[in-house]
1. Could you identify the single residue in B:108, B:189 that is outside any loop (DSSP other than H, G, I, E, B), more than 14 Å from chain A (Cβ to nearest Cβ), out of contact with any helix residue (DSSP H, G or I) (no Cβ under 6 Å at 6 or more places or on another chain) and surrounded by fewer than 20 Cβ atoms within 10 Å (Cβ to Cβ)?
2. Across the range A:161-176, what is the total count of residues that are touching a helix residue (DSSP H, G or I) at 6+ places or on another chain (Cβ under 8 Å) and either farther than 22 Å from residue A:42 by Cα or not in a loop (DSSP other than H, G, I, E, B) (or both)?
3. Please state which one of B:89, B:93, B:82 is more than 23 Å from residue B:191 (Cβ to Cβ), within 13 Å of chain A (Cβ to nearest Cβ), buried (at least 18 other Cβ atoms within 10 Å of the Cβ) and within 18 Å of the chain's Cα centre (by Cα).
4. Regarding residue A:300, is this residue within 13 Å of chain B (Cβ to nearest Cβ), at pLDDT below 70 and in a helix (DSSP H, G or I)?
5. I'm trying to understand the selection: among the residues of the range A:95-136, which are crowded, with 24+ Cβ neighbours inside 10 Å and free of Cβ contacts under 8 Å to residues at least 12 places away in the same chain?
6. What residue, of B:173, B:144, is without any contact (Cβ under 8 Å) to a residue 60 or more places away in the chain and either surrounded by 17 or more Cβ atoms within 10 Å (Cβ to Cβ) or over 23 Å from residue A:294 (Cβ atoms) (or both)?
7. Among the residues that make up the range A:227-237, is at least one of them farther than 27 Å from residue B:310 by Cα and more than 21 Å from the chain's Cα centre (by Cα)?
């Protein structure tokens, strides 16, 4: 994939933005208070945990690997914040701790996948189960207390106008746009597009993959920190339903699960879609089960349209070569 | 299988036998090792729980493994094609819920309710297969999306019904005995034979391997790729449905999320059994061994009477350990055959 193609905003992400805008419009029309600062803050607060977790997952997915350990790390981070942010560690100590824990889990994942050559899909099931166990050992039942600095500071508004969540999301996106142009950022796309070619042209494939697992783990740690800020308490099972939606956010955002195509921007928008959809359906008075039905259908729509554009692109470039995204490269 | 094994029986020296077995079918050795590990776990259960007999432990492990044994056959077929089925948990839950709604706790309607439920589950699998084979949606996303969608549909249909009673005949099937052996063990034996023959003894099975290891070569050869893909996913839906029926019978009250804990273990069972997620590799006996191993692990961990957290940690570590063992064994095997 040439540099120009890679830096062009992905088609899938553009579709995701379009879907988001349409849904937000429907939501804003059907509920008058939707455009108030309070409602927007609430919407972004609901989005941000999934957005940050999906952002981390995207890095691993871009290299063509799987990572199912996210919900385990989020669970650990949540209970660590709930047990230490008031007391020994304080709000900042707890943040450092959860980022380090996440990175450590990522390092273990990366070592097992890259160092020992195990299959990421299965290995991260193992680490996920073990992490959920660690969370349950730290806090066996829902409880604990999250420091007010975290709970209020991350869910409020700056000067009553700008939601803190918006600042965080913009910060993450800016970080991503810079990161995508660094050596590592470019290497991630190269490894995901064609691992052999990337290796042959001198990239350290193993190091790249290892680092994406570590960065993803740190992102899950942050997501768990933000989750604690939202809920104000610890629950070792709070993140159980999260896994499928993390992948859904990544897929809706136009990132190919075969690697090499997509980006964090799309995943953040994808997380936004999954959240604004709930608000929209609620505002329209639809029963809550429609949310699931819609999530599934929107995933397919976003992906199908994205696929069509990629198909066209490849056909133009290769003259009708068959497209096989379903099978990851060996 | 039996035909391939036959020559090894005449060998006398164990080392030669082993080398020969590895040459004859290198995939059988890992299966034996995984089954041996499962046996060790069952013996460990017996030691930890001296009051029970070994046969009791064995039958407990086998009876609770039936859900995984059945559901991971379908998962194995999709992984063999280089795909995956993430809708298994939801389909199993829908199946359990549907059978209990249709029968309403009575045996009378079972003769038509069971085929209707299984047809519905196979249809969901077929939709997955159609999306993957014809619309070229990646399997991970297709099955994830259909799982989320159909969960919503199920939620809509069953809103307000948290738990449903299950027909007594289904409960009797899971708790009954015949000649002193629990009925589920006969079911497992029958299922394993049929599944192994389908995957490793029929033309369709071999064609699935061909597609999994090289889709382009398979299409050049003129194999019916779309048809076989749809078949594999439909079978996966069907197996998930059967699993759901059995789960409903076992737990005597169905809920929509009853199948959720089944999804990730099916993937783990297939991979522990020696399959590669890129497709084209792995035999059903391996998946079966993986399922038995996970079930034995679950049993021994339960007997340890530890907190849920410690159980999870041990389970996670052992799953990773099993993968590790398996990958090293592949390396060792390759060294032997060179």
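The values are calculated or read from the model by the stated rules, or taken from the named source; none is laboratory data. These numbers come from a predicted model, not from an experiment. So basically every Cβ, Gly included, is an ideal-geometry build from the backbone, and we count neighbours across all protein chains shown.
1. Checking each option against the conditions leaves just B:189.
2. Number of matching residues: 9.
3. The conditions single out B:82.
4. Taking the combined requirement at face value, the residue does not satisfy it.
5. A:122, A:126, A:133
6. On the way: B:173 fails: without any contact (Cβ under 8 Å) to a residue 60 or more places away in the chain.
The unique qualifying residue is B:144.
7. no
Rundown of residues vs (1) under 30 Å from residue B:142 (Cβ atoms); (2) within 14 Å of another protein chain (Cβ to nearest Cβ), yes/no style:
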| position | (1), (2) |
| --- | --- |
| A:208 | yes, no |
| A:219 | yes, no |
| A:226 | no, no |
| A:246 | yes, yes |
| A:249 | yes, yes |
